[in-house]
1. So, in segment B:295-328, of the ones that are assigned to a helix (DSSP H, G or I), modelled with pLDDT of 50 or more and within 14 Å of another protein chain (Cβ to nearest Cβ), which residue ends up surrounded by the most Cβ atoms within 10 Å (Cβ to Cβ)?
2. Being at pLDDT 95 or above, out of contact with any helix residue (DSSP H, G or I) (no Cβ under 6 Å at 6 or more places or on another chain), assigned to a helix (DSSP H, G or I) and away from chain A (no Cβ under 14 Å) narrows it down to one residue among B:168, B:172; which is it?
3. Of these, B:187, B:204, B:192, which one is in a loop (DSSP other than H, G, I, E, B) and at the interface with chain A (Cβ under 8 Å from one of its Cβ atoms)?
4. If you check residue B:75 against the conditions, is it modelled with pLDDT under 95, in contact with a helix residue (DSSP H, G or I) (Cβ under 7 Å, 6 or more places away or on another chain), surrounded by 20 or more Cβ atoms within 10 Å (Cβ to Cβ) and assigned to a helix (DSSP H, G or I)?
5. Determine, yes or no, whether residue A:221 is surrounded by 14 or more Cβ atoms within 10 Å (Cβ to Cβ), in contact with a strand residue (DSSP E or B) (Cβ under 7 Å, 6 or more places away or on another chain) and either within 18 Å of residue A:141 (Cα to Cα) or not assigned by TED's automatic domain parsing to the domain that holds residue A:37 (or both).
6. Is it the case that some residue within segment A:119-129 is within 21 Å of residue B:182 (Cβ to Cβ) and away from chain B (no Cβ under 12 Å)?
7. Out of segment B:141-165, which residues are in a helix (DSSP H, G or I) and touching a residue at least 12 places away in the same chain (Cβ under 8 Å)?
8. Scan segment A:144-164 for residues that are within 14 Å of chain B (Cβ to nearest Cβ) and either touching a helix residue (DSSP H, G or I) at 6+ places or on another chain (Cβ under 7 Å) or buried (at least 17 other Cβ atoms within 10 Å of the Cβ) (or both) and report the count.
């Protein structure tokens, strides 16, 4: 009965504002991400993209505004609860457990969503209910053969893939991807785009990315941030034509112009 | 996978065999001093094992761990001086009080990180130290003599070999417990929080409550060591929780090998035997011990156990060096 008229968006951001001293990093940002959409947020360096993600995950508290996830106000909900509610995040700067194996990393993410961890006796590395889903997530991002390798010994591209595998292993309803292609070569980027296109079939995604080619290839809608303010939001074609966007990106990204 | 028979396992097995047979040797040679020394070593190894749980696996560098030695010890001493000598009362009290104090200290300390955590644990331990020194009724600065060891039916703690074996059994039990703990779901959360706490929260772990639980478990186990130490020396005083004692425990863990199952035991044996041997040679034994410790910290980051492990792996290094997963 609840969702009879218009389907409520999965993520709603209302007038979100974050100030650091005199700098307004998020200036009354509002945006909505309906279920199933891949929504990209782009903007020049310093536009406040990472600040926005940090507020969505709960690492930063906004000065004003509200965040609603699946109808519930999560503005003041702590980081770990948001993850439990189904909001998963991958980090811009790879943030993994370097002294664990790849499989251990993903198994921890599975464990985080398999009840409490006040279990003191059984060897967690031998629990099939943790290892099997972790292996599946690794297979999915193409790291199946690297499961036992210590994360410190994986390549940069593999770290990025592992980031996604960990986010997936929490069985999220929505993925927040903070520059998943950062530092990747063209081949690796192409592989990541293929993977995101697949994930898009079943997950709602908010993608922050510098790689314009990838953004225009993947996004259903795009929001453009400049100095913490939303200057445009809409379908990729509309964004490409938008004069204000072209001005903001002039000299920085030609890709927007000829797409 | 390392083979079952390797340098590290051989050393650990030899050490355990030595510890098990020591009372026999002491009995045959009629050398009670060795048994007294090793009873102390075994007890402090238990304390170091408990510290390793938070320091090695949890990354919580507590500079106040000796406080629980004192609390466990004073629980025994105070109850004994009030005429309560039953171990079935004394020991649970020692454990519960240690756990409660660890809970209170942990609630404050675990909100801080790094150097602040070190300093605040030290500050709390010094507070406990001064509280003990202020207990005029129980000897204050001078300490408190325990005239009767804890009474257990069918177990005479005044019998040296019996007491030694009790300490050894509790040490081995604790090592086993910690080993199970660090490989359980709980232990992986603790180690994950050491490695990257921010990421742990972002994948959905409320890390604070797990780290606090770990802190309390470690404090309780160290309280047990304190109860043993009080019975061993028949005496408690504030000195048993002075900050240098906390430092000794850290040295044992680092010397033996952080986050290694038998590391704290190896470290306790190495440090205390070395201390004993060197102090027999010269009055200035610390001048020799200091540089030795420095060498270990600089060149063997995994401590003695790390060196042994490296020696065990060397013939196989050509193979899957990157497949080596750090084991608990």
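The values are calculated or read from the model by the stated rules, or taken from the named source; none is laboratory data. Computed from a predicted structure; not experimentally measured. Quick reminder, even Gly has a Cβ in these numbers, built from the backbone with ideal geometry, and neighbours come from all protein chains shown.
1. Per the criteria, the residue is B:306.
2. Just one listed residue meets the conditions, B:172.
3. B:204
4. No.
5. Judged against the criteria, residue A:221 is not a match.
6. yes
7. B:141, B:142, B:160, B:161, B:163, B:164, B:165
8. Matching residues across segment A:144-164 total 13.
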